[in-house]
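The values are calculated or read from the model by the stated rules, or taken from the named source; none is laboratory data. Values in this document were obtained by computation on a predicted structure and should not be read as measured data. Positions of Cβ are backbone-derived with ideal geometry, glycine not excepted, and every protein chain shown enters the neighbour counts. Surface areas here come from the heavy atoms of the whole protein model, side chains and all, with no ligands, DNA or RNA. Shrake-Rupley method; radii C 1.70, N 1.55, O 1.52, S 1.80 Å.
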Amino acid sequence: MMKTSRALTAVFLSLSHVPLLSIFLLLTRFSFVQSDANMIAQTCKQTPFYNLCVSSLNSDPSSSKADVRGLALIMVNKVKAKATISLHLINQLSQKSLGLKNPLSYCADNYDAILSADIPEALEALQKGDPKFAQDGVKDAANEANLCEAKFHGKSPLTKFNKVVHDTSAIAAPAIALIYIYTIIFFSSIMLV
């Protein structure tokens, strides 16, 4: 019976059926990556900060035409912009607040790491199609912001800025994970053909 079942399966997937299956899978693939009115909402539902995600993505005009990878790139660039603002504030405070010199110096190093290592790693990995390393980069950025905040022992002048960098990074990580999931689905569907 098993041999008969395999033979029937082979016949069903003969060359006359493969083009139909290929077209179906190709259309399915486009439904995963084409941006539409729901792409931002669907992506943001996978993040811990839905409202921040939606407002961040909607603030970028290119998001309306972006696929999931494009949305992830937008979010990584949002992290970069927020970290740049934070580092600028840290440098300003360092000149004025001598009593906070040590924690501010520590935070400057953290934000320098975000801007010189974590974000470039994430952007390069996204462009090369390696979502795992991109996700690592934004997770590291979130961690750097948390470490900066902890250095002040509850008296941080950077709380709002650290939270925004952390939360924006926390949004980018699941968006990047969706790329990995869609890639697996796409390649799995190719294997069926």
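Between GLN127, GLN135, which is among the polar types (S, T, N, Q) and either closer than 13 Å to ALA173 by Cβ or in contact with a Gly (Cβ under 8 Å, 6 or more places away or on another chain) (or both)?
Numbers: GLN127 fails: either closer than 13 Å to ALA173 by Cβ or in contact with a Gly (Cβ under 8 Å, 6 or more places away or on another chain) (or both).
On inspection, the qualifying residue turns out to be GLN135.
It is to be established whether one or more residues within the range 105-122 are in contact (Cβ under 8 Å) with a residue 60 or more places away in the chain and either surrounded by fewer than 21 Cβ atoms within 10 Å (Cβ to Cβ) or closer than 25 Å to SER59 by Cβ (or both). Full working, then the answer.
First, the residues of the range 105-122 that are in contact (Cβ under 8 Å) with a residue 60 or more places away in the chain: none.
Taking every residue of the range 105-122 in turn, none turns out to be in contact (Cβ under 8 Å) with a residue 60 or more places away in the chain and either surrounded by fewer than 21 Cβ atoms within 10 Å (Cβ to Cβ) or closer than 25 Å to SER59 by Cβ (or both).
Checked against (1) over 29 Å from LYS45 (Cα atoms); (2) in contact with a Gly (Cβ under 6 Å, 6 or more places away or on another chain), LEU89 passes all but condition (2). Among the residues here, ALA10 does not qualify as farther than 30 Å from LEU115 by Cβ, outside any helix (DSSP H, G or I) and either at pLDDT 90 or above or aliphatic (A, V, I, L, M) (or both).
Do we have SER62 as in a helix (DSSP H, G or I), open to solvent by 10 Å² or more (accessible area, probe 1.4 Å) and either small (Gly, Ala, Ser) or free of Cβ contacts under 8 Å to residues at least 12 places away in the same chain (or both) here? Judged against the criteria, SER62 is a match. Just so you know, in the range 78-101 the residues that are polar (S, T, N, Q) and in contact (Cβ under 8 Å) with a residue 40 or more places away in the chain include one that is least open to solvent (accessible area, probe 1.4 Å), and it is SER86.
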